[in-house]
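First the structure, in the form of structure tokens, and then the observations on it.
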Amino acid sequence: QVQLIESGGGLVQAGDSLRLSCAASGRTFSSYSMGWFRQAPGKEREFVAAMSWSGGRTYYADSVKGRFTISRDNAKNTVYLQMNSLIPEDTAVYYCAAKYLSPGWAEGAWNYWGQGTQVTVSS
């Protein structure tokens, strides 16, 4: 069982930066691929970024590529999402997710989810 707790959300202005953190419980954190999803008001949850268990592979949604960076610190059982050049369209609840072995990055592949942290970007 893995528990995920996100933090770092808030209200910022367009062009600002934020770093989200996701702290994971459990001693096998390094075995899990980690990802970030987001859900804007009235929209379905969408994939944002993911990193393989080894950290050797990363994937990004086209909408955030070049602005967001996912990273992980296995010693701290934490995954991060550095968000730069934020735009109002990035406003959403951001969710951390973890998966073990299941293929792909679609929402159904992820085993564990955090409660989410709100990010609001004003224009």
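The values are calculated or read from the model by the stated rules, or taken from the named source; none is laboratory data. Keep in mind that this is a model prediction, so the values were computed, not measured. When we count neighbours, we look across all protein chains shown, and the Cβ atoms used for this are built from the backbone with ideal geometry, even at glycine. With ligands, DNA and RNA removed, areas are computed over all heavy atoms of the protein, side chains included. Shrake-Rupley method; radii C 1.70, N 1.55, O 1.52, S 1.80 Å.
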### Query
If you take the beta carbon distance between GLN1 and ARG57 as r and set R0 to 22 Å, what does 1/(1 + (r/R0)^6) give as a FRET efficiency, to the nearest 0.05?
0.30
### Task
Quantify, in whole percent, the carbon and sulfur part of the accessible surface of the chain (1.4 Å probe; protein heavy atoms only).
48
### Label-to-label distance, nm, for residues given as ALA109 and ALA14 (7 Å Cα→Cβ offset)
3.3
### Summary
At q = 0.20, 0.25, 0.27 Å⁻¹, the log10 of I(q)/I(0) for segment 1-58 from a Debye sum over equal Cα scatterers comes to -0.96, -1.21, -1.25
## Note on the structure
FRET efficiency for ALA40 and ALA75 from the Cβ-Cβ distance with R0 = 30 Å, rounded to 0.05, comes out at 0.35
### Query
Taking the Cα centre of the chain as origin and charging only Cβ (+1 Lys, Arg; -1 Asp, Glu), how large is the dipole, in debye to the nearest 20?
360
